[in-house]
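**Student:** Dropping the structure in here first, questions after.
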Amino acid sequence: MKKAILSIQHLLAMFGATVLVPLLTGFDPSVAIFCAGVGTLLFHKCTDYKVPVFLGSSFAFISVINQVAETFNGDLSYAQGGIIVAGLIYVAMSILVRIVGPEKVKTYFPPQVTGAMIIVIGLNLIPTAIDMSMNHIGVALLTLSVAVGINKFAKGSVRQFAVIIAIFTGILASMIVGIADFSAVSQASYFKLPNFTAPKFSLEAVIIIAPVVLAVFMEHVGDITTNGAVVGKNFLEDPGLHKTLLGDGIATLFAGFMGGPANTTYGENTALLAITNNYDPKLLRLTAVFAIVISCVGKFGGFLQSIPQAVMGGISIYLFSMITFIGVKTIRDSKCYKGTNNISVIAIILVVGLTTCYVKHFAGIEIGIPIASNAKLTGLSLAAISGIIVNRIINHHNFKKVKVMEEIIRNEATI
């Protein structure tokens, strides 16, 4: 009974963010929850059942999924194809990490690149949240205020439920002002399999979505490192970064084939581990089973789809601002901003990422580099690749230092 209660608490911790991504992109929330559950079980299998994490919908893919939806007249099947390719890139990176070692791969993803990309991801999403909030600005502001207030003043596990509490407060306010419509709940059946859909593939969609993996690679490393610090183990060594990347990749592949958004490890559940001091991976696997079960409850899915846009807009402003803050914190904590070259890298990523996305959002003009018929490298993908290339060029001396140190270590080992 105790394990069931702890597992349900983990379910609640991940719930708000996991359903928010499909609600913002048009995917079926029930499919997203189902894919999160199965994806978590697949991850645990890939990591020898050692890492106590839960996988949920990734925020990093929201803007590129929406971009693909706009390009293909709302057909998210093409976004699924891009997500599948992203999953394959994860798998390829896991193989690469196993061959060359995690430290060498990480040199291409320093804090000035990853921190700036996380900032771009957050700031690119905020206009979407504001547009949703305009449906009823009062309800949106109330929802936002509740989430911020709980995060600021609440203590203990209550803070983990800030998103859920804020959403239900917003729903109640929506009912009072008359903008809530729950007819979908009454029309839904009690038991209904999620609306799985088949993927379609397009080079244009792949080019838009797949490069985002470059931006979330170090986010994954940070999540696994944090999880290990909480538990008191080094999961980058055992079971190994290559296995955790493989788990993320397989879970994302599965989601792409079933019709859900890409998956990623969730910090919300890691925080809950720290609060409860219970690090048993079995709890997370039980949580995954619960997620699969509730995804098949038709009325639950109907309720999720009935949440007013103003409520989702308000909570989205909160969550997307938190993503931006994480990027700023990454740069601040690493002190990479003290290097002139690093400032240049950060500036280039911000300018490319924000200019291309904001110009398209407000002016309807797509800025990008044509690389194939009807396909452009733009937005987050262009920013990520630009940052990695520019950093490699202007910080080439740092790469040489790494190689010299590796040679010294090898020589000392030989001696």
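Please treat every number below as a calculation from the coordinates, not as lab data. All values reported here derive from a predicted model rather than from experimental measurement. Note: ideal-geometry Cβ built from the backbone for every residue, glycine included; neighbour counts use all protein chains shown.
**Student:** Can you check what the net charge comes to around Arg98, using other residues whose Cβ is under 12 Å from the Cβ of Arg98 (Lys, Arg +1; Asp, Glu -1)?
**Tutor:** On the way: positive: Lys104, Lys243; negative: none.
My count for the surroundings of Arg98 gives +2.
**Student:** Using just the helices of the chain, give the 222 nm mean residue ellipticity in deg cm²/dmol: DSSP H runs with n ≥ 4 each add -39,500 (n - 2.57), and the total is spread over all residues, rounded to 500. Working shown, then result.
**Tutor:** Values: 19 runs with 304 residues, N = 415.
Computed ellipticity for the chain at 222 nm equals -24500 deg cm²/dmol.
**Student:** Using only Cα atoms and rounding to the nearest 10 degrees, what angle (0 to 90) does helix 77-100 make with the longest principal axis of the chain?
**Tutor:** The angle comes out at about 40 degrees.
**Student:** Here is a further query. Can you give the relative contact order of the stretch 146-278 as a percent, counting alpha carbon pairs under 8 Å and 6+ residues apart?
**Tutor:** Details: 72 pairs, mean separation 33.7, N = 133.
Computed over the stretch 146-278, the figure is 25 percent.
**Student:** Report, in degrees rounded to the nearest 10, the 0 to 90 angle that the Cα long axis of helix 212-231 makes with the longest principal axis of the chain.
**Tutor:** 80 degrees
**Student:** How far, in degrees from 0 to 90, does helix 111-133 lean away from the longest principal axis of the Cα atoms of the chain, to the nearest 10?
**Tutor:** Relative to the chain, helix 111-133 is tipped by roughly 20 degrees.
**Student:** Where a ≥ b ≥ c are the square roots of the eigenvalues of the C-alpha gyration tensor, would you call the stretch 1-112 rounded, which needs a/c under 1.5, or, failing that, prolate if a/b is larger than b/c, or oblate?
**Tutor:** Oblate, since a/c reaches 1.5 and b/c is not below a/b.
**Student:** Is there a pair in Lys329/Lys360; Lys3/Lys155; Lys106/Lys155; Lys50/Lys155; Lys243/Lys282; Lys104/Lys335 whose C-alpha atoms are over 25 Å apart, and which pairs would that be?
**Tutor:** Working: Lys329/Lys360 28 Å; Lys3/Lys155 23 Å; Lys106/Lys155 36 Å; Lys50/Lys155 30 Å; Lys243/Lys282 18 Å; Lys104/Lys335 21 Å.
Exceeds cut-off: Lys329/Lys360; Lys106/Lys155; Lys50/Lys155.
**Student:** Just need the relative contact order of the chain here, percent rounded to a whole number, with Cα pairs under 8 Å and 6+ apart.
**Tutor:** 34 percent
**Student:** Which of the following values of Rg and Dmax of the Cα atoms in Å was calculated from the structure shown: (1) 21.4, 63; (2) 21.1, 77; (3) 25.0, 110?
**Tutor:** (2)
**Student:** For a protection proxy built on the mean count of beta-carbon atoms within 10 angstrom, sort 222-229, 361-368, 174-181, 57-64 highest first, please.
**Tutor:** Values: 222-229: 18.6, 361-368: 12.1, 174-181: 14.2, 57-64: 27.1.
Ranking, from highest mean packing down: 57-64, 222-229, 174-181, 361-368.
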